[in-house]
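Asker: There's a structure below that I have some questions on.
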Amino acid sequence: MLNLVLFGPPGAGKGTQAEFLISTYHLNHLSTGEILRNEISRQTSLGNQAKKYIDKGELVPDSVVICMIRQKMESTPEAKGFIFDGFPRTVDQAVALDKLLIKQGAPLKGMLSLEVEEQELIDRLLKRGLISGRSDDQDLSIIKNRIEVYNQKTAPLIRYYSDQGKYYSINGMGNIEDIADRLIKAVDTLQ
Ligand code: ADP
C-alpha cells in the first residue's frame, strides 16, 4: 500500500495536485475539506456543526475529523493506498493517523509538503473564491485566520514528520504541470 500525506497551507494546491497523484498511482483520495463540504451541502448534523468552524476559518475538532477518516478508510478495504489531503492538520490528528495505518500494516510512506509564499496563497484563495463560491475563500480576514491557524497548529507537523524521516519539501510555486512533475519524482523515490 502506498499511503501519502499531501501537506501545505490553504491555497498551496493540494486538491489540484492530488488529482495527478491519484491518476498516476491509482490511489484513493481522502480530503477532509471535501468530505466536510459534502456534509454541509447535505445539511447533516455533522455538516451543520462543522460549518460553524469552517466559516470562521477555524479547525473542526480533532475527534470529528479523525472519526471521519477512520470510517472512510474502513469502507474502502480494497484501496491500493490513500492520499490524505488536508489531514492531518494537528499533531493529535497525525498521531491518530499513524495508529490507524500501523493497524492496517501499511505505515505512511511520506509527507509531501507543498511550499508556497504567503502572498501567493492569499492571491490564489481570493481568485478561487470568485469561482468556487466557497465562503471561506471570499473574505480576506477569514483567509488570514486560516493561514494563522496553519502556522500555529499545522506547521508543527513538519517537525513531527521530519523526526520520522518522512518529510519531503516540494516547491509549490510555478505552473501546475511542473509542480506535478516534482511531486511524482519525489514519490518515485519513495517506492
Ligand atoms: P484549504 O486547504 O484550502 O483550507 P480544505 O478544503 O482542506 O481547504 O479545508 C477547508 C476547511 O475545512 C478548513 O479551513 C477547516 O475549517 C476544515 N478542515 C478541513 N480539514 C480539517 C482537518 N483535518 N481538521 C480540522 N478541520 C479541517
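The values are calculated or read from the model by the stated rules, or taken from the named source; none is laboratory data. Everything numeric here is computed off the predicted structure, so don't read it as measured data. All Cβ positions, glycine included, derive from the backbone under ideal geometry; neighbour counts span all protein chains shown.
Asker: For F82, only one of the following conditions fails: (1) without any contact (Cβ under 8 Å) to a residue 40 or more places away in the chain; (2) closer than 21 Å to A180 by Cβ. What is its number?
Answerer: Only one criterion is unmet by F82, namely (1).
Asker: Among the candidates A50, A18, single out the residue that is among the small types (G, A, S) and closer than 22 Å to Q191 by Cα.
Answerer: Answer to the selection: A18.
Asker: Is it true that V91 is near the ligand (Cβ under 10 Å from one of its atoms) and among the β-branched types (V, I, T)?
Answerer: So V91 does not fit the description; no.
Asker: Read through the list (1) near the ligand (Cβ under 7 Å from one of its atoms); (2) closer than 21 Å to K127 by Cα, then give the number of the only condition that L36 fails.
Answerer: Unmet condition: (2).
Asker: Mind listing whichever residues of the stretch 136-151 are surrounded by 11 or more Cβ atoms within 10 Å (Cβ to Cβ), of a type in the set (S, T, N, Q) and either more than 18 Å from K52 (Cα to Cα) or away from the ligand (no atom under 11 Å from the Cβ) (or both)?
Answerer: Taking the stretch 136-151 as the starting set, the residues that turn out to be surrounded by 11 or more Cβ atoms within 10 Å (Cβ to Cβ) are 136-140, 142-151.
From what is left, the residues that are of a type in the set (S, T, N, Q) are 138, 145, 151.
Within the stretch 136-151, Q138, N151 qualify.
Asker: When the stretch 10-21 is examined, which residues are found to be in contact with a Gly (Cβ under 9 Å, 6 or more places away or on another chain) and within 9 Å of the ligand (Cβ to nearest atom)?
Answerer: Result: P10, A12, K14, G15.
Asker: What are the pairs, 6+ residues apart or on separate chains, where a residue within the stretch 42-55 that is basic (K, R) has its Cβ under 8 Å from a residue that is modelled with pLDDT of 95 or more and part of a helix (DSSP H, G or I)?
Answerer: Once the first residue is basic (K, R) and sits in the stretch 42-55, its partners that are modelled with pLDDT of 95 or more and part of a helix (DSSP H, G or I) give K51/I40.
Asker: Can you report the number of residues in the stretch 24-45 which are over 13 Å from the mean Cα position of the chain (by Cα), surrounded by fewer than 18 Cβ atoms within 10 Å (Cβ to Cβ) and in a helix (DSSP H, G or I)?
Answerer: Result for the stretch 24-45: 6.
Asker: Residues of the stretch 152-188 being touching an Asp or Glu at 6+ places or on another chain (Cβ under 8 Å) and more than 13 Å from the ligand (Cβ to nearest atom), which ones?
Answerer: S169, I170, N171, M173
Asker: Just a yes or no: is a residue in the stretch 160-174 free of Cβ contacts under 8 Å to residues at least 40 places away in the same chain and touching a strand residue (DSSP E or B) at 6+ places or on another chain (Cβ under 7 Å)?
Answerer: Within the stretch 160-174, not a single residue is free of Cβ contacts under 8 Å to residues at least 40 places away in the same chain and touching a strand residue (DSSP E or B) at 6+ places or on another chain (Cβ under 7 Å).
Asker: Just one of (1) within 14 Å of the ligand (Cβ to nearest atom); (2) of a type in the set (K, R); (3) touching a helix residue (DSSP H, G or I) at 6+ places or on another chain (Cβ under 7 Å) trips up R124, so point out which.
Answerer: Of everything listed in (1) within 14 Å of the ligand (Cβ to nearest atom); (2) of a type in the set (K, R); (3) touching a helix residue (DSSP H, G or I) at 6+ places or on another chain (Cβ under 7 Å), R124 misses just condition (3).
Asker: Within the stretch 51-60, is there a residue that is part of a helix (DSSP H, G or I), closer than 27 Å to D98 by Cα and more than 10 Å from the ligand (Cβ to nearest atom)?
Answerer: no
Asker: Still on this model: Would you mind finding the one in D55, D85 that is of a type outside the set (V, I, T) and closer than 20 Å to S162 by Cα?
Answerer: From the options D55, D85, the qualifying one is D85.
Asker: Here is a further query. Pairs needed: first member in the stretch 124-152, over 14 Å from G57 (Cα atoms) and in contact (Cβ under 8 Å) with a residue 40 or more places away in the chain; second member anywhere, in a helix (DSSP H, G or I) and within 12 Å of the ligand (Cβ to nearest atom); C-beta distance under 6 Å; at least 6 residues apart or different chains.
Answerer: Listed by first residue and then by second, the contacts come to R128/D137.
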